[in-house]
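Some notes on the structure that comes next.
The values are calculated or read from the model by the stated rules, or taken from the named source; none is laboratory data. Here the structure is a predicted model, which is why all the values come from computation and not from measurement. So basically every Cβ, Gly included, is an ideal-geometry build from the backbone, and we count neighbours across all protein chains shown. When the accessible area is computed, the model is the full protein with side chains, heavy atoms only, and any ligands, DNA or RNA have been set aside. Shrake-Rupley method; radii C 1.70, N 1.55, O 1.52, S 1.80 Å.
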Amino acid sequence: MTSSLSWEEIRRRRLARSHLLERAPRKQLVEVVRDVCAIHAQVMWAAELAIGARVEGVTQEDVRVELWERRSLVKTWTMRGTLHLHPADELPLWAAATRAVGPPWYEAYGLDEAEGAAVLDAIGDALDGRCLLREELADEVARRAGEWTRERIGSGWGYIIGSAAAVGKLCHGPPRGTKVTFVRTDRWVGWRDVDPDEALAEVCRIFLTAYGPAGPRQFAEWFGMKSPEARPLLESLELEVVPERADAPGPLRLLPEYDCYVMGFREREELVPERVRERLKEHPRGRFEGIAGVPTLLVDGIVAGLWRRTKRGKRVDIAVEPSRRLKAEERRVLEAEAERIGTFLGAEPELRVGRLDA
């Protein structure tokens, strides 16, 4: 997709589409997750904070109610083989799109298609009407499909669990203490069959609506596929990207690690200034994962620093390291952001500004 927009226009368009220019009302929580193409959920409380950054007056408990009680959101593996939160009614589309790319999972275990299907059927059968811990699921599947499956399911490594998610055999259920559980997707939130190729084209269109303009490389990196395979998808779509009307600079925001705005912004040189890139080289996670794995201070759509949160009982310590001196108004907004995070977590915030390793 070609564009004549400036990077300032592109950033503000993405901010608006990501509900970071103006937060959405509480009643639109699920629609916000839909608009941003799902919320990365490998780190669950980062996923919760990502929603809190976009929805006015929402709390951590509100997100959990939508996920585990109302079941309007669902947690499972989709793009890039990683965990995401999706609107429940949209999950079959995203799951089908993941099936359109990559080799069949069963080939890695020397199985044929029928043998692979038997393993996935065993997972679905084990979860029929049940909510199981990972080790409980591993025991049940091993009993049905063979002992070789136990370690591959119980350890959390391998493609079996993710492949079962892609065909609607399982998704995450309510946690049992600190342990994750699994439930059968069709029993938990419903399921329908979607053509994988049609789903992938629709997901590409949705991505471009949220994060465009973008090319094959950007979509491929974000979704988890090869760039040459993405090119015909983008060439087949006729989308006009219109800049959002935003005369004032985008506001200051504290975003968690793996935030969808950062994950969707693949042209990182236009997102992360050189000074921040140099700082990331010293960061214990940033030097390995880059900006995606680090909580970010965002000002007008550009990373303007890093931050860290530490929850201690009823208190949350928020340490922020700006890459430049903040203006008085920016400092005021930063203090409001800290208060918002404290309210979201149900904790008393304590803000400190300075070097994170001080």
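Checked against the criterion of being among the hydroxyl-bearing types (Ser, Thr, Tyr) and open to solvent by less than 10 Å² (accessible area, probe 1.4 Å), the candidates Ser72, Ser18 yield just one match: Ser18.
Residue-wise test of (1) open to solvent by 60 Å² or more (accessible area, probe 1.4 Å); (2) of a type in the set (Lys, Arg); (3) at pLDDT below 95.
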{"position": "Gly154", "(1), (2), (3)": "no, no, yes"}
{"position": "Ile160", "(1), (2), (3)": "no, no, yes"}
{"position": "Ala166", "(1), (2), (3)": "no, no, yes"}
{"position": "His172", "(1), (2), (3)": "no, no, no"}
{"position": "Pro175", "(1), (2), (3)": "yes, no, no"}
{"position": "Trp191", "(1), (2), (3)": "yes, no, no"}
{"position": "Asp195", "(1), (2), (3)": "yes, no, no"}
{"position": "Ala201", "(1), (2), (3)": "no, no, no"}
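Of all residues in the range 203-218, none are open to solvent by 40 Å² or more (accessible area, probe 1.4 Å), in contact with a Pro (Cβ under 6 Å, 6 or more places away or on another chain) and on the phi < 0 side of the Ramachandran plot.
The set of residues in the range 290-312 that are free of Cβ contacts under 8 Å to residues at least 24 places away in the same chain and either touching a Pro at 6+ places or on another chain (Cβ under 6 Å) or over 23 Å from Ala336 (Cβ atoms) (or both) contains only Gly290. One residue alone among Gly110, Gly124, Gly116, Gly81 is open to solvent by less than 10 Å² (accessible area, probe 1.4 Å) and modelled with pLDDT under 95, and that residue is Gly116.
Every condition in (1) open to solvent by less than 10 Å² (accessible area, probe 1.4 Å); (2) at pLDDT below 95 is met by Ala41 except one, and the failing one is (2).
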